[in-house]
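Written below as C-alpha cells is the structure these notes are about.
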C-alpha cells in the first residue's frame, strides 16, 4: 500500500533527479558552445609591439595599428598569444589589447543577468554641474547593456525599467526570485572634491564577486581609457545580501566636469557597454 508519505518521498526523489539532469545537460551545452567561440584580439593603440615571447625582453616581430585584429590562441599571464597572417604566432601585452568575440553566436544562452539601474524616482542620486541626474543616466546605460546582452542569448532582467523608486532589498530580491547568474549594479559617482574622476568597481565577497569585478573593471579601463580607481571591497547592501556573483560599477564622477561631459557622450556609452559585455563574456567562458 502506497501511503501519502511514500508518494511525497517519491515525488521529491523525481524532482531531484530532474534537477540533476537539467544541471548536467545545461553544463554540457555550455561546454560545447564554448569550444566554438570565435575570439580575436583587437589592438587598442597604434605602434603596439608584437613580440616572439610573453616578455618585454623578447624580440619585436612587428608593430600593430589601433583596431587591428588577430586570431586569439590563448592567454599567458598578462599576454595574449595570437596568430599572425604568415602562419606564425606571437604575443601582445593585455595592457594594449582586448578580447573581441563573434557576437552572432549565442554566447550567453542559458544565463540570466540582473541589471540594476542605481537610484530612481524620489532618489535622484548624484547631480552633475551640467545638470545630469544619476538616476536617468544609470537607466540609459542599463538599457543599452540589456540590448547587447539580449543579442547574445542572455535572459536580462532589470530591477527597474522607468523612473521608479525601488528599495535596495527589493533589488536583491529580484535576483533570488529569478534564479539569476549575475547581478550588476550601475552607478555614477560624486565627491566633495571636483578633482576626483574615473571608474571604480566594487565587490563584497573575495571568492564569488572579486573575479567578476576584476574581469569587467579591466575591460572597462582598457576600452574607455578612463582614470583607473581600481576594483575594491565595498560593503553595499545589494552586494552583501546577494548570493550570486555581484558587482557595483561607478562609471564616472558627475562632480567632475570633464567626467560628466564624457559619460554623456554616445561614444563613451557605446564603449563602456561593449567593455562590460565583453567582460561578462570573458568571465562566463573562463
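Do we find a residue being in a loop (DSSP other than H, G, I, E, B), more than 18 Å from residue 281 (Cα to Cα) and touching a helix residue (DSSP H, G or I) at 6+ places or on another chain (Cβ under 7 Å) anywhere in region 95-113?
For region 95-113, residues in a loop (DSSP other than H, G, I, E, B), more than 18 Å from residue 281 (Cα to Cα) and touching a helix residue (DSSP H, G or I) at 6+ places or on another chain (Cβ under 7 Å): absent.
Whether any residue in region 239-247 is over 16 Å from the mean Cα position of the chain (by Cα) and assigned to a strand (DSSP E or B) is what I want to check.
Within region 239-247 (the criterion being over 16 Å from the mean Cα position of the chain (by Cα) and assigned to a strand (DSSP E or B)), the answer is no, since none of the residues qualifies.
Quick one: would you say residue 57 is loosely packed, with under 13 Cβ neighbours inside 10 Å, in a loop (DSSP other than H, G, I, E, B) and in contact (Cβ under 8 Å) with a residue 40 or more places away in the chain?
no
From the set of residues in region 97-110 that are at pLDDT 90 or above and buried (at least 20 other Cβ atoms within 10 Å of the Cβ), which is nearest to the chain's Cα centre (by Cα)?
Among residues in region 97-110 that are at pLDDT 90 or above and buried (at least 20 other Cβ atoms within 10 Å of the Cβ), the one nearest to the chain's Cα centre (by Cα) is 108.
When region 125-151 is examined, which residues are found to be without any contact (Cβ under 8 Å) to a residue 40 or more places away in the chain, part of a helix (DSSP H, G or I) and surrounded by fewer than 20 Cβ atoms within 10 Å (Cβ to Cβ)?
136, 143, 146, 147, 150 - these are the residues of region 125-151 that are without any contact (Cβ under 8 Å) to a residue 40 or more places away in the chain, part of a helix (DSSP H, G or I) and surrounded by fewer than 20 Cβ atoms within 10 Å (Cβ to Cβ).
Just give me the residues in region 192-227 being assigned to a strand (DSSP E or B) and under 22 Å from residue 129 (Cα atoms), in sequence order.
Of everything in region 192-227, those that are assigned to a strand (DSSP E or B) and under 22 Å from residue 129 (Cα atoms) turn out to be 199, 200.
Listed here are the residues, each with its yes/no results for (1) modelled with pLDDT of 95 or more; (2) surrounded by fewer than 17 Cβ atoms within 10 Å (Cβ to Cβ); (3) assigned by TED's automatic domain parsing to the domain that holds residue 254; (4) farther than 21 Å from residue 155 by Cβ.
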| position | (1), (2), (3), (4) |
| --- | --- |
| 24 | no, yes, no, no |
| 33 | no, no, no, no |
| 43 | no, no, no, yes |
| 73 | no, yes, no, yes |
| 78 | no, yes, no, yes |
| 92 | yes, no, no, yes |
| 95 | no, yes, no, yes |
| 123 | yes, yes, yes, yes |
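What is the residue count in region 256-279 for residues that are within 28 Å of residue 208 (Cα to Cα) and touching a helix residue (DSSP H, G or I) at 6+ places or on another chain (Cβ under 7 Å)?
Selection size over region 256-279: 10.
When you go through (1) exposed (fewer than 15 other Cβ atoms within 10 Å of the Cβ); (2) at pLDDT 95 or above; (3) within 26 Å of residue 262 (Cβ to Cβ) one by one for residue 165, which number turns out not to apply?
Failing condition for residue 165: (3).
Among the numbered criteria (1) modelled with pLDDT under 95; (2) over 27 Å from residue 260 (Cβ atoms); (3) in contact with a strand residue (DSSP E or B) (Cβ under 7 Å, 6 or more places away or on another chain), which one does residue 66 miss?
The number of the failed condition is (2).
The values are calculated or read from the model by the stated rules, or taken from the named source; none is laboratory data. Everything quoted here is computed from the prediction, not taken from an experiment. Because the Cβ atoms are built from the backbone with ideal geometry, glycine has one as well, and the counts that use them run over all protein chains shown.
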